[in-house]
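The values are calculated or read from the model by the stated rules, or taken from the named source; none is laboratory data. Just so you know, these numbers come straight off a predicted model, no measurement behind them. Positions of Cβ are generated from backbone atoms using ideal geometry, with glycine treated the same way; all protein chains shown enter the neighbour counts. Side chains included, ligands, DNA and RNA excluded: accessible areas come from the protein's heavy atoms. Shrake-Rupley method; radii C 1.70, N 1.55, O 1.52, S 1.80 Å.
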Amino acid sequence: MVLFKKPVSPDELVHFKKNEILDNLYRAKLLSAIIIAFELLLIIADVWTGLLKVDQRFHFNLYFVMYLTLIFINAGYLFLIHHFLSVQNPSDKAFRRMDHIITIYLTLLLSWGAVVSLLDQKLYGHLIVFMVTTMTVSVLYFRSLKDSLLPNIVSTLIVFIGLPFFQTSSDVLIGHYVNLCIFIVISLSASRIIFNSYVRDFNNRI
């Protein structure tokens, strides 16, 4: 790992990766619990506004499915986290498997935010859900650039490719693309700053 200022042994690299995974999991427990609680509130609001027929442009059933999907994703993720943390001295293979699970979860989470932002175009015309989700992951998860590529590329492609099919205004579309490019640079920069700081702390300890 080039960020280390002195030679690091393979054992120290493995130790760093394990600490990174554990730190991410402890932070993920709180984040996933908050997401589940927030989505439950949104489901209640969705059902209530659907019964009142507040706005016919709002796809109540589709949003309900999206909220429920995110609850199931986070519930399953929490179950896997608790199972992993309950094991005494997990093997290296278990750590690698958990690292893959984190990548899959982040890809699903960011992709979910991208899809909801596309659905929002008809009624709201903004990309707040995608931006908030992406920035939250960038700030709360310690991930190397290599580990961050898959979730960010997949979710960004969903937004970039899907926008013309959901946003009919060319002016708004151009604004979205410009703002997205700026936001992605800022988000990746924030993620790198936080990860580099995490690596420096580890470097000082060893």
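For the chain, take the longest principal axis of its alpha carbons; what is the angle in degrees between that and the long axis of helix 145-166, to the nearest 10 within 0 to 90?
Taking Cα atoms only, the helix is inclined about 10 degrees.
Sum -39500 (n - 2.57) across every DSSP H segment of at least 4 residues in the chain, then divide by the residue count to get the 222 nm mean residue ellipticity, nearest 500.
Numbers: 6 runs with 169 residues, N = 206.
Using -39500 (n - 2.57) per qualifying helix, the result is -29500 deg cm²/dmol.
Where in the stretch 96-110 does the label zone of Val14 land, with the point 7 angstrom along Cα→C-beta and an amide N cut-off under 18 Å?
Within reach of a label on Val14: 96-100.
Note the angle between two axes, namely the Cα long axis of helix 128-140 and the longest principal axis of the Cα atoms of the chain, as a number of degrees from 0 to 90, rounded to the nearest 10.
10
Rank Val14, Ile34, Tyr67 by how far each Cα sits towards the positive end of the charge dipole of the chain (+1 on Lys, Arg Cβ; -1 on Asp, Glu Cβ) and give me just the farthest.
Selected residue: Val14.
Using unit Cβ charges (K, R positive; D, E negative) and no other charged atoms, how large, in debye to the nearest 20, is the dipole of the stretch 8-149 about its Cα centre? The partial results should precede the final answer.
Values: 12 positive and 11 negative charges, 32 e Å.
For this selection, approximately 160 debye.
Can you tell me the convex hull volume per residue for the chain, based on C-alpha atoms, in Å³ to the nearest whole number?
Working: hull volume 23.8 nm³, N = 206.
In the chain, the Cα convex hull volume per residue is 116 Å³.
If R₀ is 41 angstrom, what is the calculated FRET efficiency for the pair Ile43 and Ser189, using the beta carbon separation as r and rounding to 0.05? Show your work: numbers first, answer last.
On the way: r = 35 Å, r/R0 = 0.84.
According to the calculation, E is roughly 0.75.
With angles folded into 0 to 90 degrees, how steeply does helix 60-86 sit against the dominant principal axis of the chain? Use alpha carbons for both and round to 10.
Taking the Cα atoms of the chain, the angle to 60-86 is about 10 degrees.
As I understand it, the dipole of the chain uses +1 on the Cβ of Lys and Arg and -1 on the Cβ of Asp and Glu, about the Cα centre. Which of His176, Thr133, Gln121 lies farthest toward its positive end?
Value: Thr133.
Ser91 to Thr107: extension gain in nm, 0.36 nm per residue of separation minus the Cα-Cα distance?
My answer for the length gained is 3.3 nm.
Can you tell me the length gained on complete extension of the stretch Ser169 to Asn61, counting 0.36 nm per residue apart and subtracting the Cα distance?
Values: separation 108, 0.36 × 108 = 38.88 nm, distance 2.52 nm.
Residue separation times 0.36 nm, minus the Cα-Cα distance, leaves 36.4 nm.
Note down the accessible area of Ile184, probe 1.4 Å, to the nearest 10 Å².
40
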